[in-house]
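> Below is one structure. I have some questions about it.
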Amino acid sequence: MDRYGGLNMGLGSIPLLSSARTRSISAENPDGAPGAGAQALPGPRDPSSLLGKGWKVRPCITLEPNSTTTLADIDGPGTIQHIWFTVAPTAYRSCILRMYWDDEETPSVEAPVGDFFANVAGQRYNVLSLPVAVNPSGGFNAYWPMPFRKRARITIENQYWDKIDGFFYQITYALDDVPAEAAYLHAQFRRSTTSREVPEHVILDGVRGQGHYVGTVMAWTQFSNGWWGEGEIKFYMDGDAEYPTICGTGTEDYFCGAWCFGQTFSAPFTGYPLQVRAEGQVPLHGLYRWHIMDPIRFRSDLKVTMQALGWWLNSKFEPLADDISSVAYWYQGEPHAAFPTLLDLAGRWPR
């Protein structure tokens, strides 16, 4: 158990010694190299100008417009254990987070930065869960174990028309052997407007290979009043065609609530932390569900969908035309199948 220090995440492993070496990347140590932190020199206008080198000189960076910044480029083997970001909400949908494992050409993680941390639709709110925590006010934390064998590269692209000042980040990782059976984290963003003819949002499709599905983040914007969560989630796997192997019983049921929720909540594995029903605004809901204790394991392929159903006045299900976006999280080996082309900034912008 102590052989792979980078993947020992439970409380029971804390007393165990390990050969792993902990490193951390931030604006103060962009390479994470030993003894290389706090090397920036303050200018005459810096808050640290009276203190000099070694103090708080470069705690954050600026994301220039229409540019991609490499946040981390790490030689393996190792495991990223914690990522912390904070930035203005302007960046939540306009900046794209990407992660590449072992010199792959296309990213295994590609999502707007806010949605990856379960803050959907450009909103800022707290999330109290196990793998993702968003703390007051806008402290984004991800604890997903992210093993890599040769190399890990993390970038952020600012697609906004102006620069974004004050991007703070810390990426902590352990350099150590990675078990042969360890898979790679993947995350994919999708957005669709359902229709009465096809009242279904595709959360994930086209996954090929062996792996396990570990989480869903969802933003749901209603285009009508009334209850919106009668639809079922469906997991098609390992050759399923018309009918799925796993079928839920309702949207709030999948997110582990019941009877139309009644209130917001945030728990270790599931939550409904966002509900916007203010006058003059379209109703908006933010939800998450982590399959930590119950991963959805598949052998060859996976597709995940969510229906959009409400109620007619005659107690019949009503197909809904709603704006739904999601981030799907799963682990699998590489190479992964091609992701769909990410929507541009206008296509991602909150309503």
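> Select from the stretch 45-89 the residues that are loosely packed, with under 15 Cβ neighbours inside 10 Å, more than 19 Å from G35 (Cα to Cα) and among the charged types (D, E, K, R) and list them in ascending order.
Residues satisfying the conditions are R45, E64.
> If we only count strands (runs of 3 or more DSSP E) wholly inside the stretch 18-129, which ones have 2 or more residues that are among the aliphatic types (A, V, I, L, M) and closer than 22 Å to A152 by Cα?
61-63, 67-75, 78-86, 95-101, 109-112
> Looking at G6, is it closer than 30 Å to D177 by Cα, at pLDDT below 95 and either surrounded by 16 or more Cβ atoms within 10 Å (Cβ to Cβ) or among the hydrophobic types (A, V, I, L, M, F, W, C) (or both)?
yes
> Yes or no: A133 surrounded by 22 or more Cβ atoms within 10 Å (Cβ to Cβ) and either in a loop (DSSP other than H, G, I, E, B) or not assigned by TED's automatic domain parsing to the domain that holds Y329 (or both)?
In short, no.
Residue-wise test of (1) under 16 Å from the mean Cα position of the chain (by Cα); (2) in a strand (DSSP E or B); (3) free of Cβ contacts under 8 Å to residues at least 12 places away in the same chain.
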site: T172; (1), (2), (3): no, yes, no
site: R191; (1), (2), (3): yes, yes, no
site: L204; (1), (2), (3): yes, yes, no
site: Y236; (1), (2), (3): no, yes, no
site: T249; (1), (2), (3): no, no, no
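> Still on this structure, I have one more. Could you grab the pairs with beta carbons closer than 6 Å, sequence gap of 6+ or different chains, first residue in the stretch 56-85 and in the same structural domain as V109 (by TED's automatic domain parsing) and over 25 Å from P145 (Cα atoms), second one at pLDDT below 95 and outside any strand (DSSP E or B)?
Pairs found: K56/S48; V57/A40; V57/P42; V57/S48; R58/A40.
> Could you please find all residues in the stretch 259-275 being part of a strand (DSSP E or B) and in contact with a Cys (Cβ under 8 Å, 6 or more places away or on another chain)?
T270
> A further question follows. Going by what's in this entry, would A219 be described as assigned to a loop (DSSP other than H, G, I, E, B), aliphatic (A, V, I, L, M) and either closer than 26 Å to L97 by Cβ or modelled with pLDDT of 95 or more (or both)?
No, not satisfied.
> If you don't mind, there's one more thing I want to ask. Could you please find all residues in the stretch 289-316 being out of contact with any His (no Cβ under 7 Å at 6 or more places or on another chain), aliphatic (A, V, I, L, M) and over 24 Å from E334 (Cβ atoms)?
M293, L309, L313
> What do you reckon, is P65 over 22 Å from the mean Cα position of the chain (by Cα), modelled with pLDDT under 95 and on the phi < 0 side of the Ramachandran plot?
So P65 fails the test.
> On to the next question. Name the residues in the stretch 274-307 that are without any contact (Cβ under 8 Å) to a residue 60 or more places away in the chain and more than 19 Å from G122 (Cα to Cα), would you?
M293, D294
The values are calculated or read from the model by the stated rules, or taken from the named source; none is laboratory data. The model shown is predicted, which means the values in this text are computed figures rather than measured ones. No Cβ is skipped: glycine too gets one built from the backbone with ideal geometry, and neighbour counts run over all protein chains shown.
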